[in-house]
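What follows is a set of notes on a single structure, which appears directly below.
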Amino acid sequence: MTANESKAIVVRNLDCGYDRKTVLRGLNFEVRHGEIFVIMGESGCGKSTLLKHLIGLNPPSAGEVVFLGRDFSGARGAEREEIQKRFGVLYQSGALWSSLTVAENVALPLNEHTSLDKKTIAEVVMLKLALVRMDSYAHFFPSELSGGMKKRAGLARAMALDPTILFFDEPSAGLDPPSARELDDLMKRVRDTLGTTLVVVTHELASIFAIADHAMMLSKESQGMVEIGRPAEMARQSPHKAVRAFLNRLPRGHPGTTQLHDTN
Amino acid sequence: MEDVPIPSADAGITAPPSLRVQQERGSLSVFFDGDWTWRAPRPSLVALEQALAKGATEVCCRAEGVKQWDSSLLALLLRLRRQCEETRIPFHVDTLPQHLKRLLEEVPQIKPPRPPSAEQGGLFKSAGLKAIGLFGGAYRALYFTGECAQALAKACRMPKVLRWPECRMVMQECGPASLGIVGLISFLTGCILAWQGALQLRQFGAEIYVADLVGVALVREMGPIMVAIVLAGRIGASFAAHLASMEASEEVDALRTWGFSPVQFLVLPRLMALTCMMPLLVLYADLLGILGGLTVSVTVLGVARSAFLSETWQALHLSDLQVGLLKSLVFAVGVAGIGCATGLKAERSADGVGVATTSSVVKSILYIIVVDAIFGACSHA
């Protein structure tokens, strides 16, 4: 096993942007197998843009994204599809297909991408829904679910093909604190029971401290990464005042929070 | 085996999955071997089902030979466990990998999904519900008409309340941007009318009356109907889709909470724009249609251009034009009103936007035909 294969994700010199506008430059980071990796930063710093580049919705202007030792950004056709089946995405709104029931939403990737028989697919669907405590709502349509339920159902769909990596875009957004806490616990349970690698884009401090093994701070000013580390340690002893300010919930006008690369 | 959970399925398939059963004094041992992932073809379960059907005092699952596994193996184990629970026989999984055992504990009992409850009550109930729906729809239509009338009265009293920039934008979309498609359809309609009329009139040597047919039919009937149908598909549907999207993204709620009337803010500019532009488009369509009839008459039937124009002039009366323009006004109000009302009461989902758009076009076309029939009946009476 090469060094790259021992990592779930390797990002090298990645430039992210859209419409010829570069948002993030020269990103380099790695995500280990089975860890929960949080991408954080203030609004507009490019967290969601980076996520879109990681999952292949936007092509990178430069650099590469390697999943499980295979270059995803350069992959085309069948190879790209094969890599895509290795990861699942939970979108901010759940993004369930509104014309299908919850069970049909989870079953669709299994019907399209596997040769499993209908009975097994139905069992796998109920298993995934049971894992996210949504088995009682299998026949409900997305419009009949609350925000938290939509996210749990979206997670069941993201897990349909037993992905190695799961991406989450702002999972706590729009949830009440108990629901957000339940989702955090669910994410940890998914990692612990299935061994899945989780990449979470969020700026919810409670979630970051509750779930993250490692976190990466992005900056709008420097258009790049500021620091990677364990959130609790970063909050206490980061060399960057802005990182400490962000993780300790200090206001933007707080002395020293405007410069990200000062070392005091 | 190495106790690695699902990520081990990243490797290629090293050995196809297989299943072996062994029965000894009533105890059924099930041996799983190979790679149990959805990427590999599943082995037959007949032997297992036959052994279970014969009866067993306990079931022991052994997975020492499993190299990789995912949810497909977990689902099979859950099915086995459920069958054991139903027949009240012990189910042992002591030799399963740690992660697999933990997952089996995580999913203690999958509740069977509750199918949606079937409607009960039969014919009378469904007829009653239909009637209630019909009355509800009629009430909503009446209420919406009242709101529009109220908003219009307010706009007449205080023209400032009408959002003129939006009104101009919609006018541009309804009028100049529709000239191409309306012109093409009207010209071809004129050509077709002339052609079909000529086939019949030629038998009596009365080709010149093609001019009467084209002129009167276009100005009284076909012009307003064709323009209204084109605008129902082009503009009415876009009103419905736009307002349904706004409803889905809670923009309409935001208007209401700020104290703005959605009818005043969204519907009235569209209603006014379409009502202003439709009669102009009908006049344009009439001219293009007559031009189409003239082209066919001159080039195919050999009718002199001056004779065609003078016959048309004699055949047409001011009342024909008035009826055509009055129809266009009624059609415009209906198409804009139906498009906006359907959009505003759409369900808040992607599906809702699609349903509202289709429904708006179907209802508008139905409205156009019914209103035209009423006009026809009234003019004969």
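Nothing in this text is a laboratory measurement; each read-out follows from the coordinates by a stated rule. Fair warning: this is a prediction, and the values are worked out from it, not measured in the lab. We place every Cβ from the backbone using ideal geometry, glycine too, and count neighbours over all the protein chains shown.
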Notebook entry, point to check: How long is the gain from B:Ala177 to B:Phe124 if the chain were fully straight, where each residue apart is worth 0.36 nm and the alpha carbon distance is subtracted?
Noted result: 14.1 nm
Item checked: Candidates A:Glu64, A:Glu112, A:Glu42, ranked by Gaussian network fluctuation over chain A, Cα under 10 Å, top entry -> A:Glu112
Notebook entry, point to check: If the cut-off is a Cα-Cα distance under 21 Å, which lysines reach A:Lys21, setting aside same-chain residues fewer than 8 apart in sequence?
Noted result: A:Lys47, A:Lys52, A:Lys220
Next item on the list: With the Cα gyration tensor of the range A:93-162 in hand, give its eigenvalues times 5 under a square root as the equivalent ellipsoid semi-axes, listed largest first in whole angstrom.
Entry: 19, 11, 10
Check: Name the residues of the range B:202-231 whose amide N is less than 20 Å from a point 7 angstrom out from the Cα of B:Ser306 along the C-beta direction?
Finding: B:207-212
Item checked: Cα centroid of the range A:43-75 to Cα centroid of the range B:28-65, whole Å -> 42
Check: Can you list the residues, at least 5 places off or on another chain, whose amide H is less than 5 Å from the amide H of A:Val23, using H built in the peptide plane?
Finding: A:Cys16, A:Gly17, A:Tyr18
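Assuming a viscosity of 0.890 mPa s and a temperature of 25 °C, what translational diffusion coefficient in µm² per second does Stokes-Einstein assign to the protein assembly as shown, Rh being the Kirkwood radius over Cα pairs? Mind showing how you got there, number by number?
Working: Rh = 30.4 Å.
Estimated diffusion coefficient is 81 µm²/s.
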Check: Which FRET efficiency value, to the nearest 0.05, is calculated for A:Arg20 and A:Ser115 with the Förster distance at 35 angstrom and r the Cβ-Cβ distance?
Finding: 0.25
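For the protein assembly as shown, give me the percentage of DSSP beta bridges that are antiparallel, rounded to the nearest 5 percent. Each step should come with its number before you reach the end.
Working: 27 of 55 bridges.
About 50 percent, rounded to the nearest 5.
Using 0.36 nm per residue, how much length does the chain from A:Arg236 to A:Asn28 gain when fully extended, once their Cα-Cα distance is taken away? The partial results should precede the final answer.
On the way: separation 208, 0.36 × 208 = 74.88 nm, distance 2.39 nm.
That works out to 72.5 nm of additional length.
Find the lysine pairs in chain B meeting two conditions, Cα atoms under 19 Å apart and a separation of 8 or more places or different chains, and report how many there are.
5
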Next item on the list: Return the sequence-ordered ³J(HN,Hα) values of the range A:91-106 in whole Hz as given by the Karplus equation 6.51 cos²θ - 1.76 cosθ + 1.60 applied to θ = phi - 60°, using x for Gly and Pro.
Entry: 7, 4, 8, x, 6, 6, 6, 5, 8, 10, 6, 4, 4, 5, 4, 6
Next item on the list: Collect residues whose amide H, placed 1.01 Å from N in the peptide plane, falls under 5 Å from the amide H of B:Ala346; neighbours closer than 5 in sequence don't count.
Entry: none
Item checked: B:Ala206 versus B:Ser18: modelled label distance in nm, points set 7 Å from Cα along the beta carbon direction -> 9.2
Notebook entry, point to check: Helix A:177-194 versus the longest principal axis of chain A: what angle, 0 to 90°, nearest 10, using Cα atoms?
Noted result: 70
Check: Given q = 0.11, 0.17 Å⁻¹, what are the Debye log10 I(q)/I(0) values for the range B:6-106, with equal point scatterers placed on the Cα positions and solvent ignored?
Finding: -0.31, -0.74
Notebook entry, point to check: How far apart, in nm, are two points set 7 Å out from the Cα along the Cα-to-Cβ line at B:Gln322 and at A:Glu221?
Noted result: 7.6
Item checked: Per-residue [θ]222 nm for the protein assembly as shown (sum of -39500 (n - 2.57) over DSSP H runs n ≥ 4, rounded to 500) -> -16500 deg cm²/dmol
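State which stretch of chain B is the longest one without any exposed chymotrypsin sites (Phe, Trp or Tyr not before Pro), exposure meaning a DSSP loop state and at most 15 other Cβ atoms within 10 Å.
It runs B:1-257.
Anything in chain B that counts as a DSSP H helix reaching 18 Å or more along its axis (C-alpha) with Kyte-Doolittle mean of at least 1.0? List them, would you? The partial results should precede the final answer.
Working: long enough: B:71-87 (24 Å, 0.05); B:122-157 (52 Å, 0.48); B:179-201 (32 Å, 1.67); B:268-296 (42 Å, 1.64); B:318-344 (39 Å, 1.47); B:350-380 (46 Å, 1.24).
Long hydrophobic helices here: B:179-201, B:268-296, B:318-344, B:350-380.
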Check: If we restrict to alpha carbons, what Rg and Dmax does the range B:150-380 come to, in Å?
Finding: 20.3, 70
